[in-house]
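Q: Below are the structure tokens for one structure; questions will follow.
The values are calculated or read from the model by the stated rules, or taken from the named source; none is laboratory data. Just so you know, these numbers come straight off a predicted model, no measurement behind them. Heads up, the Cβs are rebuilt from the backbone with ideal geometry, glycines too, and the neighbour counts pull from every protein chain shown.
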There are 2 protein chains.
Amino acid sequence: MNTLDIIKNRTSYRGTFKNEPVPREDLIKIMEAGLAAPSGCNKQTTSLIAVDDPALLDKLFKVIEKETINTAKAMICVLTQRVIAYRDRSFYVQDYAAAIENLLLATVALGYETCWYEGYITDVDAIGRKMADVLNVPADYELVCFLPIGVALEPITYRDKKPFAERAWFNGFGGFTEFSK
Amino acid sequence: MNTLDIIKNRTSYRGTFKNEPVPREDLIKIMEAGLAAPSGCNKQTTSLIAVDDPALLDKLFKVIEKETINTAKAMICVLTQRVIAYRDRSFYVQDYAAAIENLLLATVALGYETCWYEGYITDVDAIGRKMADVLNVPADYELVCFLPIGVALEPITYRDKKPFAERAWFNGFGGFTEFSK
């Protein structure tokens, strides 16, 4: 599939995974894609930890406490540092979000499925910090997202989205757009 | 090029553009890619305006006051709404950043170049709001980013990046990683 098809076919997969490994060379390709994302003022505020050690995965699953995750054969954890880009401005959220989108696309391009879990681990119960402790992440890094990775066992489904013509226009707000679907 | 190559070859192009049009069907494909990005709790907080009308582009160039932009044959402006996903949490920044990454990748996949301009128009001089006024954008939307689009006239260059091994690891912070480059 070409890039536009990969982008359109990517979806948030929340099902269980097949008992098939995710080779380390694929995890490396996925992380390289994530780190290839741009960052505000090139500050490169995003870092990544891939986990493929079964015992370590189990420790993370116990902290996450979300049963559908537990069949993932690998996981990528996304770390950020709130680095100032200039004056009082930091673009760390934009940086890691762009990196995560690349991680998702590379994962799908290599035949796996995944899902962006962020709000669940950055809420008041601070699951992300507990995961960070399992991974020996220093206090000046925040673990803001994890992506379970594996071969999908269940059918791929798509969420309903607003019609494109309600969200995109030509030459002014609400202008005419004829989308292909 | 496949998706991984597109991701690795994308760069922030700040040069001038050739006098070649960007057909509307390509702008539509690029916007469809942008809107295909995931959003927190599927709130779809990002909207887009493509500009290909020369007179309107000129009005925007006058507001932006950045000479290297003025040869772009088209532009995509990114709008956001600070919608609450749940309780007090909004993921609007993550949403538009993921959408922008898709816009960048689709632009490159179709043979054009572009650059993510955000800080420049969301600073104290509020250039983004002036652009929004030119495009009749309602007050409850913020114009946070624009992407000039065209065929590159100048050579493509890449910024220096930290070695991957300083930003990505296996099975714990600072763990071993052997990257392919």
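Q: For B:L105, state whether it is assigned to a helix (DSSP H, G or I), at the interface with another protein chain (Cβ under 7 Å from one of its Cβ atoms), at pLDDT 95 or above and more than 23 Å from A:I6 (Cβ to Cβ).
A: The answer is no for B:L105.
Q: Right, next: Mind checking which residues of region B:36-63 are in a loop (DSSP other than H, G, I, E, B) and among the polar types (S, T, N, Q)?
A: Correct list: B:S39, B:Q44, B:T45.
Q: Of everything in region B:108-146 that's in a helix (DSSP H, G or I) and crowded, with 23+ Cβ neighbours inside 10 Å, which residue is nearest to the other protein chains (Cβ to nearest Cβ)?
A: Among them, the one singled out is B:A109.
Q: Regarding A:A33, is this residue crowded, with 16+ Cβ neighbours inside 10 Å, among the small types (G, A, S) and part of a loop (DSSP other than H, G, I, E, B)?
A: Judged against the criteria, A:A33 is not a match.
Q: Ok, one more. What do you reckon, is A:Y92 farther than 20 Å from B:E166 by Cα and aromatic (F, W, Y)?
A: In short, no.
Q: Let me ask another. Whether any residue in region A:9-26 is facing another protein chain (nearest Cβ under 7 Å) and either exposed (fewer than 15 other Cβ atoms within 10 Å of the Cβ) or assigned to a helix (DSSP H, G or I) (or both) is what I want to check.
A: Among the residues of region A:9-26, not one is facing another protein chain (nearest Cβ under 7 Å) and either exposed (fewer than 15 other Cβ atoms within 10 Å of the Cβ) or assigned to a helix (DSSP H, G or I) (or both), which makes the answer no.
Q: For region A:47-65, how many residues meet the condition of being buried (at least 21 other Cβ atoms within 10 Å of the Cβ) and either within 7 Å of chain B (Cβ to nearest Cβ) or of a type in the set (F, W, Y) (or both)?
A: Here the count works out to 5.
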